[in-house]
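Have a look at the structure below before the remarks.
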Amino acid sequence: MALVHATVKFLLFIWAPMVFHGRLVASDAVNGTCDPGWLQFRDKCISFSSKMNYENALKYCQNIKSSLMEIDSVEKESFVASSVPDSSNVYWLGLIDLVGNDSINDHVWVQSNRSVIATGYQNWGLSNPGKASQRCVVLRNSPPYQWYDRSCDDTYYAICEKNSVKDIVASSTVGYPMSSTAGRNFV
Ligand SMILES: [Ca+2]
């Protein structure tokens, strides 16, 4: 019995770090990683700017290899809402009214060129979008956080996002050594 116990203990000692390591690698392969200073939500990296008008917000995000935020799920919106530097501030989203008539159909996400209908998620504030002259859209904690149309000349904070970096080497090692013969031979 003592020998069995010792063997089990030895195997646990050897395998535990491998299992842990395996999960870490698998998680990174799915969601990737973000540069320092960027927040991570699933496979997206998120950053906030200083105050600027809409045109400059678009340029600001482009200059740091990103795009103005697209919100296509309540989970993503909840993450952003809980991550903003100041909940009393107002934040530009990457959503614009292409036509300028307040029709929901004409609101398009600049990052993906998808209409707000196509993404299947909307969270407009009461009576919004409500002014044809206001063709840009913000996320504002009214509360709760909802979407409001605003003049593109106004100055608010941009939310930029970009895809995470996925490590090709890490991806290729998923499953090792848990399912590999080499791993068993090693033990
Ligand atoms: Ca409008």
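Here, each number is a calculation from the coordinates, and none is a lab measurement. Remember, it's a predicted structure, so these values are computed and weren't measured experimentally. Positions of Cβ are backbone-derived with ideal geometry, glycine not excepted, and every protein chain shown enters the neighbour counts.
Cβ neighbours within 10 Å, averaged per peptide: list 48-56, 118-126 in order, most packed at the top. Mind showing how you got there, number by number?
On the way: 48-56: 16.1, 118-126: 13.1.
Per-residue Cβ counts within 10 Å, averaged per peptide and sorted highest first, yield 48-56, 118-126.
Take peptides 150-157, 34-41 and line them up by average Cβ neighbours within 10 Å, highest first, as a rough protection proxy. Working shown, then result.
Details: 150-157: 16.5, 34-41: 13.6.
For the peptides 150-157, 34-41, the packing ranking is 150-157, 34-41.
Dividing the Cα radius of gyration by the Kirkwood radius, what Rg/Rh value follows for segment 39-163? It would help to have the intermediate numbers written out before the result.
On the way: Rg = 13.0 Å, Rh = 14.2 Å.
A ratio of 0.92.
Around residue 86, what is the net charge, scoring Lys/Arg as +1 and Asp/Glu as -1 over all other residues with Cβ under 15 Å from its Cβ?
Values: positive: 51, 140; negative: none.
Result for the neighbourhood of residue 86: +2.
Cβ under 10 Å from residue 96's Cβ, residue 96 left aside: what net charge do those residues give with Lys, Arg +1 and Asp, Glu -1?
Numbers: positive: 135; negative: 97, 106, 149.
My count for the surroundings of residue 96 gives -2.
Could you order peptides 101-114, 63-76 by the average number of other Cβ atoms within 10 Å of their residues, highest first? Could the numbers behind the result be given before it?
Numbers: 101-114: 15.4, 63-76: 17.2.
The most tightly packed comes first, giving 63-76, 101-114.
Return the aspartates and glutamates within reach of residue 65: Cα separation strictly under 16 angstrom, same-chain partners fewer than 8 residues apart disregarded; answer none if there are no such residues.
Excluding near neighbours in sequence, the set is 35, 43, 55, 161.
For each of 42, 135, count neighbouring Cβ atoms within 10 Å of the residue's Cβ, then give the residues from fewest to most.
Working: 42 12, 135 22.
The most exposed by this proxy come first: 42, 135.
Please list 3J(HN,Hα) in residue order for segment 83-100, calculated via the Karplus relation 6.51 cos²θ - 1.76 cosθ + 1.60 where θ = phi - 60°; whole Hz, with x for glycine and proline.
Once θ is set to phi - 60°, the couplings for segment 83-100 become 10, 4, x, 8, 5, 8, 7, 10, 10, 5, 9, x, 10, 9, 8, 5, 9, x Hz.
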